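To keep things clear, I will list the structure first and then write my remarks on it.
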Amino acid sequence: MKILNSEITPYSSYINRRKFIKNTLLTSLAISFSKPLFSKHSESPSTYNKFLEENDNLNTYHEITNYNNFYEFGTSKSDPAKYSQSFKPLPWQLAVEGLVEKPKIFDLESLLKGITIEDRVYRLRCVEAWSMVIPWQGFSLSKLIEKVKPLSSAKYIQFETVYRPEEMPGQKKLFNEIRGILPWPYVEGLRMDEAMHPLTILSTGMYGHNLLNQNGAPLRLVVPWKYGFKSIKSIVKIRFMDKEPNTTWSDVNPYEYAFYSNVNPQVDHKRWTQATERRIGEFYRRPTLMFNGYEEVAELYKGMDLKKYF
Ligand code: MTE
């Protein structure tokens with residue numbers, strides 16, 4: 001049985017396809033209340049479902065879209081759903097700059113031309129020790145990287161979220177102001193081999209529905225083996241660099257947040273354990289898996305001291 005319409009659906013053709021969206025959503029919701037995810041995929045296993053365990057149930061659409069971190073819209077988990085309604089995700093442009101042969105400003109539609117959107121069910125593990133299982137739609141970031149032809153000097157990529165204080169109330173509070181939260185725009189980064197890894201995706205939707213504003217519409221990163229804050233939302237800029245880029249959370253608090261931020265049950269957060277997590281919708285805590293269970297990425301870090309480079 002399929003959870004999603006697993007036909008390969010180009011972005012442009014599922015925009016506004018209300019019937020598809022509704023049917024998929026209802027099917028997904030119905031299934032998420034019934035059997036565990038693992039068995040759901042036994043008839044048409046998608047590439048990465050082998051990483052899901054038998055007790056990994058999909059979170060509901062309601063959970064995924066109402067319990068969010070998106071500080072541009074406020075600091076409480078319910079703020080993004082409440083305060084992102086007047087954000088305009090379309091039209092959208094993505095600027096690609098820095099150490100590439102072909103810097104370019106893409107319209108979203110032209111960026112996605114020729115790229116097929118795939119279904120990928122991944123866990124998202126937040127640094128606050130909760131997690132969800134989310135049926136994303138997206139494509140490997142490597143497809144975009146190949147389009148712009150990075151120079152050999154490009155070793156890292158920095159990502160930047162849109163800055164629109166008039167639509168994002170959290171951005172009106174400047175850093176260092178009394179109630180200020182973060183410096184804007186939010187930035188994140190990956191090493192080039194992490195960015196090229198086939199598990200790293202740019203997501204445009206989930207549950208067969210275009211991304212809602214609170215989840216990072218219209219385009220966000222998903223890096224399933226890293227803590228959730230690496231999965232930057234509403235991206236407008238991608239910059240190829242020769243040095244490790246600044247990232248928002250390590251700029252604010254380098255003692256607690258470092259560049260790599262790989263999910264690692266053996267390295268605790270300075271203020272709490274990372275050995276266990278609570279799946280949203282469940283009451284008990286489960287053990288956290290190394291690299292969030294995506295062990296095939298271990299080779300990217302061979303020989304590195306992951307306690308030092310946490
Ligand atoms: N991206 C931006 N621009 N701003 C944010 O505050 N929060 C991060 C990440 N991406 C955040 C962001 C954090 S801490 C997490 S856990 C995930 O988004 C949450 O994604 P979700 O709300 O879709 O579950």
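Summary table below
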read-out	value
Qualifying positions in the range 204-216 - closer than 20 Å to Lys226 by Cα and assigned to a strand (DSSP E or B)	Thr204, Gly205, Met206
Some residue of the range 230-251 being crowded, with 22+ Cβ neighbours inside 10 Å, on the phi > 0 side of the Ramachandran plot, within 15 Å of the chain's Cα centre (by Cα) and near the ligand (Cβ under 10 Å from one of its atoms)	yes
Filtered residue count, the range 101-120, keeping only those that are surrounded by fewer than 21 Cβ atoms within 10 Å (Cβ to Cβ), of a type outside the set (Val, Ile, Thr) and not in a loop (DSSP other than H, G, I, E, B)	7
Qualifying residue in the range 121-132 (condition: loosely packed, with under 15 Cβ neighbours inside 10 Å and in contact (Cβ under 8 Å) with a residue 60 or more places away in the chain)	no
Candidate set: the range 252-263, residues that are crowded, with 19+ Cβ neighbours inside 10 Å and within 13 Å of the ligand (Cβ to nearest atom); chosen: the one farthest from Ala95 (Cα to Cα)	Val263
Answer residue from the range 180-203, given it is surrounded by fewer than 17 Cβ atoms within 10 Å (Cβ to Cβ) and either of a type in the set (Gly, Ala, Ser) or assigned to a loop (DSSP other than H, G, I, E, B) (or both) and is nearest to the ligand (Cβ to nearest atom) among those	Ile181
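Laboratory data are not the source of any read-out in this text; all were calculated from the coordinates shown. On a predicted model such as this, the values are computed, not experimentally measured, just so you know. Cβ sites come from the backbone with ideal geometry, for glycine too, and all protein chains shown count toward neighbours.
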